[in-house]
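Structure, as structure tokens:
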Amino acid sequence: IREDIEKNYKKKNINDRERAILITSLLYAMDKIAKTCGHYDAYRKGAEFDKPLELLVPLAEMHNNPNNRCYNEDANNLVGSINADLVYIDPPYNSRQYCDAYHLLENVARWEKPEVFGVARKMDRTKLKSKYCTKSAAEAFEDLVGNITSKYILLSYNNMAEKGNDRSNAKISDEDILRILENKGTVKVFSESYKPFTTGKSDISENEERLFLCTVTN
């Protein structure tokens, strides 16, 4: 199906928008029948595909928020060219790379046909890795915030800190978050209890999702 979409696009039987809608439909359809636990880092062994692949047409509203812009690039590179009233930041919290969990959908969307390997059939994801999942997370966050031009900065970040196993622990400490944001302005923190996702190997209590609101003054 994905190859057919690409062939029709190259033949100019469909335009950019139609190609995007068809790929979106395919990704949703794949996820509906996938035998996974919500991601593609691993698959359920012995599971049978008992549902048909059904492509539905997404409800793409042509006149909804016509001034919206969608960018597909590194936020740290993009932020210097944008002025905004409010910048919302929702980076990865821990060492689990999104590209490891959603490599299959990424591969189908890009359709570059790279070599894949391993049981989960993953491609080389080196260029897709996020610094926010590494020891460089605080440094990347400081660079991002330092280049923001806006009235407000709103950061979403939980309070995992070092509650779970090493892969689940937060990569940016509260001290670093507050230090970096307070260099831009005044900060208020809003929090709400939230049940964490766990595979059953961790007993995480008092988990909170938090919003750090920075009113920019510098």
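Results, tabulated for the structure shown:
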| read-out | value |
| --- | --- |
| Residue selected from segment 163-178 under the condition of a type in the set (Lys, Arg) and surrounded by 13 or more Cβ atoms within 10 Å (Cβ to Cβ), by the criterion modelled with the highest pLDDT | LYS171 |
| Some residue of segment 89-104 being in contact with a Pro (Cβ under 8 Å, 6 or more places away or on another chain) and either in contact (Cβ under 8 Å) with a residue 60 or more places away in the chain or more than 21 Å from SER130 (Cα to Cα) (or both) | no |
| Any helices (runs of 4 or more DSSP H) falling wholly within segment 26-125 and containing at least 2 residues that are over 26 Å from ASP4 (Cβ atoms) | 75-78, 98-101 |
| Residue count for segment 126-151, restricted to those that are assigned to a loop (DSSP other than H, G, I, E, B) and loosely packed, with under 13 Cβ neighbours inside 10 Å | 1 |
| Residue satisfying all of: in segment 72-93; touching a helix residue (DSSP H, G or I) at 6+ places or on another chain (Cβ under 7 Å) and of a type outside the set (A, V, I, L, M); farthest from SER150 (Cα to Cα) among these | PRO92 |
| Residues satisfying the stated conditions in segment 6-25, i.e. part of a helix (DSSP H, G or I) and among the hydrophobic types (A, V, I, L, M, F, W, C) | ALA20, ILE21, LEU22, ILE23 |
| Selection count where residues are farther than 21 Å from LYS51 by Cβ and either crowded, with 17+ Cβ neighbours inside 10 Å or free of Cβ contacts under 8 Å to residues at least 12 places away in the same chain (or both), scope segment 18-34 | 2 |
| Pairs, first at pLDDT 80 or above in segment 46-68, second part of a loop (DSSP other than H, G, I, E, B), C-beta under 8 Å, six or more apart | LEU53/ILE1; LEU55/ILE1 |
| Single residue of SER202, SER191, SER156 found to be outside any loop (DSSP other than H, G, I, E, B), of a type in the set (S, T, N, Q) and either surrounded by 13 or more Cβ atoms within 10 Å (Cβ to Cβ) or modelled with pLDDT under 75 (or both) | SER156 |
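The values are calculated or read from the model by the stated rules, or taken from the named source; none is laboratory data. Keep in mind the model is a prediction, meaning the values are calculated, not measured. Virtual Cβ from ideal backbone geometry, glycine too; neighbours counted across all protein chains shown.
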